[in-house]
Amino acid sequence: MHLTSVAVVIPTRGRVEALKRCLSQLLPYVSTHPECTIVVSDDGNALETSRALGEGFDSVKVVQGPQKGPSANRNCGATHSTGELLVFLDDDCIPEQNLIAEYQSAAATLPQYGVFEGRITAQGQVKGFGDAAPENETGGKLWSCNFGVRREVFNAIGGFDERYPFPAMEDVDFRLRVQSQSPIIFLRQARVYHAVETRLGWKIIQHHALSHLLYMQIHGTQATGQTLSSFFMTCLRLMRRGWRRVRTGTGKNPEQLFYMIVENAQLFLMVMFWGFHRRLIKWFYRPCCAKCETLIENLSSK
C-alpha cells in the first residue's frame, strides 16, 4: 500500500512548552517515516522558537509566520510544506502517537474523501464563564486544531481565508467552503486532547463577535444557521442559567457572562437591522488592537 506523504502543520506564537509537548508525541512516528514531516509556523519570532526547542527537535521545520493571525499562519505553514496530505494541529493539543498513522491509512484507503476530521477530547473541568475547550467526539465540526485535507483540495479553495485575523470562525468558514470540494469523514481514532483554557475580558468577546459578523457578511446572515430568535433565546438562556450558576457559586468570572449576553444582544440587533449593520458596527465596537481596527474598517466600509 502506498503511504501518503503527510505534512503536519502547527501554528504557534509564544507557547514553546506547549509546542514541545505536542511535538514530542509526533516525533517518534515521524523519525521512522521519512514521508512524514512537521512544519511549525511561528507568528512571533521563529528564530527564538527554533533555539528554544533545542536538541531532539532538529527534524522540525520552523518558519516565520506573517503575523496576520491564525488563518494566514496556517496558510504559511502549508506553503512551506510538501506533503500530499496536510494535517493541521494546534500547539496546545496533545495528539495520540498513532495520529499520523490514522490519517495516512485513511488517505490511502479512502481515495473518495479529500477531508478527514479528527477527534478532539476536552481535558479538565469548566468552572467559569471564561472557560472553554474545543470538543469533537462524534464529528460534524471540523475544528482547526485537528483535521487533515488533501493538498489539491486545500489549494482548490485557497486555504484559510486570511480576512479572519483572530482564532474565531475561520475554521467554520473553511468547513463551509471545503464541503463544495469533497465529502468529510470523521476519524475517531485520530485523536488529540485539548485542555480547558480560561479566556477573559471584553476583547475576547469583541474579536469573536467581529469574526461572526465577517462570516455573515461574506456568506449571508443565514450561513451560521442562527436566526433572530436563536440569538434572542441565547440571551435568555445565558441570563437564566448563568444567574443560577452565579447564585449557587458554581460560575466563576460572572463579568464574562455579562459580556456574553451583550455580545448576543448586539448580534441580535445586527441581524434585525442588517441593512444598517455597517453603521451599527462602528457604534457598538471600538478598536482594541491594530487587527481589530482593520477588521472594523473593512466591515463598516461598502
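Has region 105-125 got any residue that is at pLDDT below 95, in a loop (DSSP other than H, G, I, E, B) and under 29 Å from Ala290 (Cα atoms)? No: zero hits.
Between Leu210, Leu187, the distinction of being farther than 24 Å from Ser81 by Cα and modelled with pLDDT of 95 or more belongs to Leu210 only. Candidates are the residues of region 190-206 that are touching a Gly at 6+ places or on another chain (Cβ under 6 Å) and at pLDDT below 95; the one that is farthest from Asn98 (Cα to Cα) is Leu200. Taking the criterion of being over 24 Å from the mean Cα position of the chain (by Cα), surrounded by 12 or more Cβ atoms within 10 Å (Cβ to Cβ) and not hydrophobic (A, V, I, L, M, F, W, C), the residues of region 256-302 that qualify are His277, Arg278, Lys282, Ser300. Remark: Phe88 matches the filter, which requires a residue to be outside any helix (DSSP H, G or I), aromatic (Phe, Trp, Tyr) and in contact (Cβ under 8 Å) with a residue 60 or more places away in the chain. Among residues of region 17-31 that are in the same structural domain as Val192 (by TED's automatic domain parsing) and over 15 Å from Asn98 (Cβ atoms), those with a beta-carbon under 8 Å from a residue that is assigned to a helix (DSSP H, G or I) and of a type in the set (A, V, I, L, M) at least six positions away or on a different chain give the pairs Leu19/Leu53; Lys20/Leu53; Leu23/Leu53. Being under 15 Å from the mean Cα position of the chain (by Cα) and of a type outside the set (A, V, I, L, M, F, W, C), is that true of even one residue in region 94-117? The answer is yes, given that some residue of region 94-117 is under 15 Å from the mean Cα position of the chain (by Cα) and of a type outside the set (A, V, I, L, M, F, W, C). Within the span defined as region 116-128, one or more residues are in the same structural domain as Tyr29 (by TED's automatic domain parsing), within 19 Å of Gln189 (Cβ to Cβ) and exposed (fewer than 14 other Cβ atoms within 10 Å of the Cβ).
Within region 226-250, residues that are at pLDDT 85 or above sit with their Cβ atoms under 7 Å from residues that are β-branched (Val, Ile, Thr), at 6+ positions apart or across chains, in these pairs: Phe231/Val271; Cys235/Ile261; Leu238/Ile261; Met239/Ile261. Can you go through Gly56, Gly44 and tell me which one is among the small types (Gly, Ala, Ser) and touching a strand residue (DSSP E or B) at 6+ places or on another chain (Cβ under 8 Å)? Every option except Gly44 fails the conditions.
The values are calculated or read from the model by the stated rules, or taken from the named source; none is laboratory data. Just so you know, these numbers come straight off a predicted model, no measurement behind them. For neighbour counting, all protein chains shown are included, and Cβ atoms are generated from backbone atoms with ideal geometry for every residue, glycine included.
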